[in-house]
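Visitor: Can you keep this structure in mind? I'll have questions shortly.
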Amino acid sequence: MIEPHAPAPPGTTPPGADPARLPVRPGTGRFLVLACVFVCASCGLVYELELVALATYLIGDSVTQASVVLSVMVFAMGLGSLAAKGLRWRAAAGFAAVEACLALVGGCSAMALYAVFAWTGDWGGLWTSGPRCLLVAFSLAIGVLIGAEVPLLMELIQRIRRQDAGGAVADLFAADYVGALVGGLAFPFLLLPLFGQLTGALLTGAVNLIAGGALVLGLFRRDLTRRARWLLLLGNVAVFAVLATAAVLVDDFERAARQAVYGSDVRVALQSDVQEIVLTGGTDGRPLALFLDGRLRVSGRDEHRYHEALVHPAMSGPHARVLILGGGDGLAAREVLRHDGVRRVDVVELDEAVVRLARHDPALAKLNGQVYGDPRVHVATADAFHWLRGAPPTTYDVVIADLPDPGITASTKLYAQEFYGLARRALTDDGRLVVHAGPVTSRPHVFWTVETTVRAADLRTSPYRVGGRDSGFAAGPDRSAGASRAPRDWGFVLAAPAERPGLRLDPDGPRPRTMTQASLRADGTAAAGTRISGLPASTLVHPRY
């Protein structure tokens, strides 16, 4: 057994390597190296999480984005470790150069990806488009640089005080893993809410740069030639200047990029605890549009067609007590309140900021008819799935699921068999459930999976679609799909516990502006003509979307 302070066995350090000439005691030097490992590991994990979060926001489908980014990055870390073997002879200078490059690439990655998205918008196929290739390129570059850290740090720590390889690796990895924990917790709870993705990435790059540069230029400066010290110092100053300049300009950059994505008519842009909320138009005769995380959720051009189709068929029957899941914009509630006999409307919305905007923004409040001023409307800020678990059974005559498209990973559980089972429990025996199930024409597989899943919850279904839409509720930003491929219809599933509900409008109810009884029947026939049979139901543990 090799004692910790015994000479290292052959091969532990490069033959002929001299002990580092430190300005501090060896014990203090080891502590500083391990502290640097801790900081660099934190920064490295923040870069990974930032790429996953930004790719999910811009592209959607968080499972795919996380899988691509993390798998590519881990693979690249192996390549970086191999490449770093050639730098072990100049470990101090090599480590400083790696950290400067990592700070620059990782710190600027979010701005670069968002810029390409904003000014090109076409994400194309998984591997074919420029922005997606850029995402993979950043994952590769950051992974290679993170992978190169470990062999170089191992060399530096062994040069301070030689010990058995197992002990050195244990110390190094302990600091690395604890740092990763801190970085993983700091990203969602500190960096993202306080600084946002762009500034948070730039700040992480600056911390990474300072930690690496301070370690080498402070602790290992005697291992460097005078020329190498000046080159590293100038390089670090240049990288810091780039990061600082980007941080100063980030607000202007965000405004310019936002205008490139949403147009020049942005009135409200805010980041809530849940999502980014952007409101455009709604003044001077310009149509209002509400975007949530880059996805168009309300368009003043055609929202009446969507909300009338969603609400009125479900209101043909008892409707004294109505539950709206989602719909924080108040537009579904507006249509509900057009019916006589409604005594209570419960709106369950995840994001309180959406409700606040629907209450106080003049254009959106006018569009929803000031529904939140009606004493019959009650709002609960909660996740719809968890709220339904605590809802009393057989309470509601109508349940309206006005939720994002099932193609979005975050919404998958809201289109699961378990979710519809909870909704069925909340219904009265003669109640009705209506579900927004995404476009039929462009995504029939998803639509009929929703219908199959609703039936699996012991509900009888009547699917229908409404065509002729002018803008979309796409599963990603509409502009990314291209105008020619934007969805042109909405699909819905009407369901009831006892018997298959008929597609009809309440003869004593209000007359919708965009649909008639005849058009509703035709919409049901049109949807039935696209049926795909034999699809399995989607569940929490086996999502099918």
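The values are calculated or read from the model by the stated rules, or taken from the named source; none is laboratory data. Bear in mind the structure is a predicted one, so any value in this text is a computation, not a measurement. Counting neighbours? That spans all protein chains shown, and the Cβs are built from the backbone with ideal geometry, glycine included. With ligands, DNA and RNA removed, areas are computed over all heavy atoms of the protein, side chains included. Shrake-Rupley method; radii C 1.70, N 1.55, O 1.52, S 1.80 Å.
Visitor: Taking every DSSP beta bridge that has both residues in the range 245-327, what percent is antiparallel when rounded to the nearest 5?
Guide: Working: 13 of 13 bridges.
Approximately 100 percent, going by the DSSP bridge assignments.
Visitor: Further, regarding this structure: Starting from the Cα of ARG425, step 7 Å toward the Cβ, then list every residue of the range 434-459 with an amide N under 19 Å from that point.
Guide: 434, 453-459
Visitor: Here is a follow-up. Tell me the net charge near ALA41. Cut-off is 10 Å between Cβ atoms, ALA41 excluded, with +1 for each Lys or Arg and -1 for each Asp or Glu.
Guide: Values: positive: none; negative: GLU149, ASP176.
In short, -2.
Visitor: Length gain on complete extension for the stretch ARG267 to ASP383, per 0.36 nm per residue less the alpha carbon to alpha carbon distance? Working shown, then result.
Guide: On the way: separation 116, 0.36 × 116 = 41.76 nm, distance 2.75 nm.
Separation in residues times 0.36 nm, less the Cα-Cα distance, equals 39.0 nm.
Visitor: Whole-Hz ³J(HN,Hα) for each residue in the range 135-143, computed from phi via Karplus 6.51 cos²θ - 1.76 cosθ + 1.60 with θ = phi - 60°, x for glycine and proline: what do you get?
Guide: So the J values, rounded to whole Hz, are 4, 5, 5, 5, 4, 5, 5, 5, x.
Visitor: Another one. Please compute the net charge surrounding GLY282, taking Lys and Arg as +1 and Asp and Glu as -1 over other residues with Cβ under 11 Å from its Cβ. Don't jump to the answer; show the numbers that get you there.
Guide: Details: positive: ARG267, ARG286, LYS366; negative: ASP265, ASP284, ASP361.
Residues close to GLY282 contribute a combined charge of 0.
Visitor: Further, regarding this structure: Using a Förster distance of 25 Å, how high is the FRET efficiency between THR525 and ASP458, based on the Cβ-Cβ distance and rounded to 0.05?
Guide: On the way: r = 25 Å, r/R0 = 1.02.
With a Förster radius of 25 Å, E is 0.50.
Visitor: Give me the net charge for the shell around LEU535: Cβ to Cβ below 11 angstrom, other residues only, Lys and Arg +1, Asp and Glu -1. Could the numbers behind the result be given before it?
Guide: Numbers: positive: ARG455, ARG531, ARG544; negative: GLU451.
Around LEU535, the charge tally is +2.
Visitor: Which whole-Hz ³J(HN,Hα) couplings does the range 509-525 yield from phi under the Karplus relation 6.51 cos²θ - 1.76 cosθ + 1.60, θ = phi - 60°, glycine and proline marked x?
Guide: x, x, 8, x, 7, 10, 8, 10, 4, 5, 5, 5, 4, 5, 5, x, 5
Visitor: Enumerate the whole-percent occupancy of each 5 Å bin, from 0 to the last occupied one, for all C-alpha pair distances of the range 485-545.
Guide: Calculated P(r), rounded to whole percents: 4, 11, 16, 22, 21, 12, 8, 5, 1.
Visitor: Further question on the same structure: Test of understanding: what is the full-extension gain from ARG90 to ILE532, defined as 0.36 nm times their sequence separation minus their Cα-Cα distance?
Guide: Values: separation 442, 0.36 × 442 = 159.12 nm, distance 6.33 nm.
Once the chain is fully extended between ARG90 and ILE532, it gains 152.8 nm.
Visitor: With every protein chain kept in place and ligands, DNA and RNA left out, what is the accessible area per residue of the chain? Probe 1.4 Å, answer in Å².
Guide: On the way: 23080 Å² over 545 residues.
Heavy-atom accessible area per residue stands at 42 Å².
Visitor: With +1 on each Lys and Arg Cβ and -1 on each Asp and Glu Cβ, how big is the dipole of the chain about its Cα centre, in debye rounded to the nearest 20? Show your work: numbers first, answer last.
Guide: On the way: 52 positive and 49 negative charges, 163 e Å.
With only Lys, Arg, Asp and Glu charged at Cβ, the dipole is about 780 debye.
Visitor: With every protein chain kept in the model, how would you rank CYS36, CYS108, CYS133 by accessible area, 1.4 Å probe, largest at the top? Walk me through the numbers before you get to the answer.
Guide: Details: CYS36 5, CYS108 35, CYS133 60 Å².
From most accessible down to least: CYS133, CYS108, CYS36.
Visitor: Could you state the principal axis extents of the C-alpha atoms in the range 242-375, from the largest down, to the nearest angstrom?
Guide: The Cα atoms of the range 242-375 stretch 63, 30, 22 Å along their principal axes.
Visitor: Need one number: % antiparallel among DSSP beta bridges in the chain, to the nearest 5. It would help to have the intermediate numbers written out before the result.
Guide: Numbers: 26 of 46 bridges.
Given both bridge residues lie in the chain, the antiparallel proportion sits at roughly 55 percent.
Visitor: In whole Hz and in residue order, list the ³J(HN,Hα) couplings for the range 224-229 that follow from phi through the Karplus curve 6.51 cos²θ - 1.76 cosθ + 1.60, θ = phi - 60°; x for Gly and Pro.
Guide: Once rounded to whole Hz, the list reads 10, 6, 4, 5, 5, 4.
Visitor: How large, in Å, is the range 114-230 by the Kirkwood hydrodynamic radius built from its alpha-carbon pairs?
Guide: On the way: mean 1/r = 0.0572 Å⁻¹.
Hydrodynamic radius (Kirkwood, Cα only) of the range 114-230 equals 17.5 Å.
Visitor: The chain: D in µm²/s via Stokes-Einstein (Kirkwood Rh, Cα pairs, 25 °C, 0.890 mPa s)?
Guide: Numbers: Rh = 26.1 Å.
The Stokes-Einstein estimate is 94 µm²/s.
Visitor: Please give the contour-minus-distance gain from ASP252 to THR120: 0.36 nm per residue of separation, less the Cα-Cα distance, rounded to one decimal in nm.
Guide: Length gained, ASP252 through THR120: 45.7 nm.
Visitor: Grab the DSSP H runs of the chain that are 4 residues or longer, score each as -39,500 (n - 2.57), total them, divide by all residues and round the 222 nm result to the nearest 500 deg cm²/dmol. Don't jump to the answer; show the numbers that get you there.
Guide: On the way: 16 runs with 274 residues, N = 545.
Taking each H run of at least 4 residues, the total per residue is -17000 deg cm²/dmol.
Visitor: Specify, per residue and in Å³, the volume enclosed by the convex hull of the alpha carbon atoms belonging to the range 357-473.
Guide: Value for the range 357-473: 138 Å³ per residue.
Visitor: For THR394, enumerate residues with amide H under 5 Å from its amide H, sequence gap 5+ or separate chain, H modeled in the peptide plane.
Guide: Under 5 Å from the amide H of THR394 lie the amide H atoms of ALA426, LEU427, each far enough along the sequence or on another chain.
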